[in-house]
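Reviewing the structure listed below.
The values are calculated or read from the model by the stated rules, or taken from the named source; none is laboratory data. What you see is a predicted model; the values in this text were computed from it and never measured. Note: ideal-geometry Cβ built from the backbone for every residue, glycine included; neighbour counts use all protein chains shown.
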Amino acid sequence: MPVVAQVTAANVPDVKQALPLVDAVPAIGGKVGAPLRKPGQVQGDKAFDADWLRIGLAARNITPLLARRGHDNPPEVQEARWLIERTFAWLKRFRRLALRYDRTGAIHQAFLTLGCIVICHNHWVRFC
């Protein structure tokens, strides 16, 4: 399920947006008491292989499940990649997100948010 989505320029590396996205995760309700404010782990592919990112996640008490370049990766990293690619495929179903027609980033961000809302709604209707 997409929790946070952010539009950036095409030439911005994904790893540069990882910590701001983790910090942007909203409070998640559930059990009585203080709501959960951060994820327990962060998953990413080889594009996120940076020591400063691992240190930043560890400082936030988050377990990094990030693939390493040039190494065999554990199965949980490979399984997590399928979930990420599936979510991207769900977003690409919306033609306006697959091909960017809008000139301003705010409009594209609005449609990205709307696409995430539709995905969460469909998941909620299907499984609840």
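Given the condition under 22 Å from Pro13 (Cβ atoms), outside any helix (DSSP H, G or I) and not aromatic (Phe, Trp, Tyr), answer yes or no: does some residue in the range 118-128 qualify? Reasoning before the result, please.
Narrowing the range 118-128 to residues under 22 Å from Pro13 (Cβ atoms): none.
Scanning the range 118-128, I find no residue that is under 22 Å from Pro13 (Cβ atoms), outside any helix (DSSP H, G or I) and not aromatic (Phe, Trp, Tyr), so the answer is no.
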Quick check: anything in the range 73-91 at pLDDT 85 or above, touching a helix residue (DSSP H, G or I) at 6+ places or on another chain (Cβ under 9 Å) and assigned to a helix (DSSP H, G or I)? yes
Do we have Leu112 as within 18 Å of Pro2 (Cβ to Cβ) and in contact with a Gly (Cβ under 8 Å, 6 or more places away or on another chain) here? no
Here the qualifying pairs (Cβ atoms under 7 Å; residues six or more apart or on different chains; first in the range 65-91 and of a type in the set (D, E, K, R); second in a loop (DSSP other than H, G, I, E, B)) come out as Arg68/Asp49; Arg69/Asp49; Arg81/Asp45
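Just need a number here: residues in the range 103-112 that are surrounded by 15 or more Cβ atoms within 10 Å (Cβ to Cβ) and not aliphatic (A, V, I, L, M). Break it down into steps so the answer makes sense when it comes.
Our first condition is that a residue be surrounded by 15 or more Cβ atoms within 10 Å (Cβ to Cβ); within the range 103-112, this holds for 108-109, 111-112.
Restricting the remaining residues to those that are not aliphatic (A, V, I, L, M) gives 108-109, 111.
Count: 3.
Of the residues in the range 17-57, how many are of a type in the set (A, V, I, L, M, F, W, C) and under 19 Å from Phe88 (Cβ atoms)?
Of all residues in the range 17-57, those of a type in the set (A, V, I, L, M, F, W, C) come to 18-19, 21-22, 24-25, 27-28, 32, 34, 36, 42, 47-48, 50, 52-53, 55, 57.
From the residues that got through so far, the ones that are under 19 Å from Phe88 (Cβ atoms) too are 18, 21-22, 24-25, 42, 47-48.
Counting residues in the range 17-57 that are of a type in the set (A, V, I, L, M, F, W, C) and under 19 Å from Phe88 (Cβ atoms) gives 8.
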